[in-house]
Amino acid sequence: MTPPARGPGRSPRETTLAPMSNHTPSRRLVLASQSPARLGLLRQAGLAPEVIVSGVDEDALDAPTPGELALVLAEAKAVAVAERESAAGALVIGCDSVLELDGQALGKPADAEEATARWKSMRGRAGVLRTGHCVVDTATGRRASATASTTVRFGEPSDAEIAAYVASGEPLHVAGAFTLDGRSAPFVEGIDGDPGNVIGLSLPLLRRLLAELGVGITDLWT
């Protein structure tokens with residue numbers, strides 16, 4: 001880590017850091033997802049959401065395109081949690097991700113066999129990770145939603161590398177059978193767009209959706 005810059009003639013002992021100020025968020029924030037990656041992104045951005053899992057049956061929902069499907073799922077999760085008494089007065093965030101490849105929406109693989117086939121079809125190619133976002137203000141009943149898209153360029157892992165990755169169990173728990181913040185990161189050559197969106201949540205998009213509801217993201221900092 002690079003040390004803080006000092007003015008001419010100042011010794012290291014003279015360098016001080018301003019103390020962090022305590023800040024109470026103006027609103028209660030709820031994440032309608034059990035994804036540790038999404039929770040981690042929000043925490044790293046200075047937010048402290050509660051987690052209430054929606055229980056939405058993802059397989060029961062459909063839409064004409066992968067982007068629309070991601071949004072339908074995100075809205076269903078946010079609304080399901082927003083309707084609960086335990087979320088009264090809160091801002092509820094719902095998200096869902098799918099990988100679009102050859103026009104198909106690919107979520108979490110059903111088993112190791114599907115995860116293996118998925119990776120063999122993805123390697124050396126590019127797909128688009130689409131994440132639906134929905135924010136519901138339970139105090140007003142208003143909501144704002146949109147889908148963020150990031151192009152992902154996959155590398156060419158060998159059959160042995162794919163087998164080892166699938167054996168780790170990770171691809172069974174993530175949309176598209178991969179993630180940027182896990183063991184599959186070495187198999188991704190690059191992305192075009194927001195990396196957070198690939199991990200599970202686009203913070204820039206979240207800021208814009210909150211603004212549509214009249215909420216500043218800095219007001220939610222802890």
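In order along the stretch 205-211, the Karplus-derived 3J(HN,Hα) couplings, from 6.51 cos²θ - 1.76 cosθ + 1.60 at θ = phi - 60°, round to 5, 4, 4, 5, 5, 4, 4 Hz, and Gly and Pro are given as x.
For residue 51, the amide hydrogen comes within under 5 Å of the amide hydrogens of 31, counting only partners 5 or more places away or on other chains and with H modelled in the peptide plane.
Each residue of the stretch 81-89 was assigned a 3J(HN,Hα) from its phi angle through the Karplus expression (A = 6.51, B = -1.76, C = 1.60, θ = phi - 60°), giving 6, 4, 7, 7, 4, 5, 9, 4, x Hz with x at Gly and Pro. Taking the centroid of alpha carbons for each part, the stretch 153-188 and the stretch 44-102 are 24 Å apart. Backbone phi angles across the stretch 48-54, fed through the Karplus curve with coefficients 6.51, -1.76 and 1.60 (θ = phi - 60°), yield HN-Hα couplings of 9, x, 7, 10, 10, 6, 6 Hz in residue order; Gly and Pro are listed as x.
Within the chain, the proportion of C-alpha pairs whose separation exceeds 23 Å stands at 51%.
The per residue volume of the convex hull around the alpha-carbon atoms of the stretch 144-206 is 78 Å³. Put simply, the convex hull of the Cα atoms in the stretch 52-128 casts, on average, a shadow of 6.0 nm². Accessible surface for the chain, divided over its residues, is 52 Å² per residue with a 1.4 Å probe. Of the trypsin sites (Lys or Arg not before Pro) found in the stretch 129-222, those that fall in a DSSP loop while having at most 15 other beta-carbon atoms within 10 Å are 142, 183. Given a cut-off of 19 Å, what percent of all Cα-Cα pairs of the stretch 94-206 lie beyond it? Counting pairs separated by more than 19 Å, the tail of P(r) holds 44 percent.
The values are calculated or read from the model by the stated rules, or taken from the named source; none is laboratory data. Quick caveat: nothing in here was measured; it's all calculated off a predicted structure. When we count neighbours, we look across all protein chains shown, and the Cβ atoms used for this are built from the backbone with ideal geometry, even at glycine. Note: accessible area is taken over every heavy atom of the protein model, side chains too, but ligands, DNA and RNA are not part of it. Shrake-Rupley method; radii C 1.70, N 1.55, O 1.52, S 1.80 Å.
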